[in-house]
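Single-structure report; data block below.
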Amino acid sequence: MIRVNALTKSYLSGGRPLTVLKNITFTITSGEVVAIVGPSGSGKTTLLGLLAGLDRPTQGTVTIDGQELTRLSEDQLARFRSERVGFVFQSFHLLPTLTARENVEVPLELRGEDAGPRADQLLSRVGLGGREHHYPSQLSGGEQQRVALARAFSNRPKILFADEPTGNLDGVTGAKVIEIMLELNRELGTTTVLVTHDAELARRTGRIIRLADGAMISDERVSLAPLAHADRGREQSED
């Protein structure tokens, strides 16, 4: 599903080149869940942006679902993302003037689809049935992230990219959100790539790619570990 070959990304800083990713190579098969981890400044978010076609590499290639992104125009990249990719961000990025239902409907409406039934189905699936007419300001952080999850899965993406999806959530709430994300991954067969500082979340994925100073220092399979907060998360109601 994802093939990365000799990926390098450099920027000019003070008139001098600064290399933030160095010769990254790996493949991810369809349906895998992969965590990209590393200290701040290691290049995690830059790598995610390159995988999603939000930025272009200085050298190397990214091929997703048979499409080499470096060969696509900006319009082709936008179409590719709308048809095959879902996104979840740390800061939710919900539109504040739209209800939960309307936020989920937006990607579908842009594609000319009948959005209402699909939005209602997804909101119910993430545990927000009955909350569809609430605005983001009327929802807790965990609820907002669940709306963002529903929106990300609205276009039935082949790939989900998540950038620190639990970064603004407490442990219990983050565990709930991740359980829903992983359940949707299993149900829909969506390939999932996430950037995280959360060690528990990384161990829950099954595969961890570790970066340091822009280089990939390890790529390991790990046995699936239950989230420590998961059981408590099921027992406690969300404020």
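Please treat every number below as a calculation from the coordinates, not as lab data. Source: prediction; values computed, not measured. Counting neighbours? That spans all protein chains shown, and the Cβs are built from the backbone with ideal geometry, glycine included.
Here the Karplus relation 6.51 cos²θ - 1.76 cosθ + 1.60, evaluated at θ = phi - 60°, turns the backbone of the stretch 130-145 into coupling constants of x, 10, 5, 9, 8, 8, x, 5, 9, 10, 6, x, x, 5, 4, 5 Hz, with x for every Gly and Pro. Take the Cα of E187, step 7 Å toward its Cβ, do the same at L72, and the gap between the two points is 2.6 nm. The residues neighbouring G130, those whose beta-carbon lies less than 12 Å from its own, together hold a net charge of -1 under the Lys/Arg +1, Asp/Glu -1 convention. Pairs of Cα atoms nearer than 8 Å and 6+ residues apart set the relative contact order; for the stretch 2-235 it is 27 percent. Among beta bridges from DSSP that stay inside the chain, the antiparallel ones total about 55%. Taking the empirical scaling 2.2 N^0.38 Å for compact globular proteins as reference, the stretch 1-149 has a Cα radius of gyration ratio of 1.23. Estimated from the Cβ-Cβ distance and a Förster radius of 35 angstrom, the FRET efficiency linking R3 and H133 is about 0.25. Available extension along the chain between E109 and Q121 is 2.8 nm, counting 0.36 nm per residue and deducting the alpha carbon span. For the residues G38, G214, G66, a GNM of the chain with alpha-carbon springs under 10 Å puts the largest fluctuation on G66.
Simple point charges give the picture: +1 on the Cβ of Lys and Arg, -1 on the Cβ of Asp and Glu, and for the chain a dipole about the Cα centre of about 720 debye. Taking label points 7 Å from Cα along the Cα-to-Cβ direction, V222 and N168 give a separation of 2.5 nm. Here the scattering of the stretch 64-147 is modelled by Debye summation over its C-alpha atoms, one equal scatterer each and no solvent; at q = 0.22, 0.24 Å⁻¹ the log10 of I(q)/I(0) is -1.04, -1.15.
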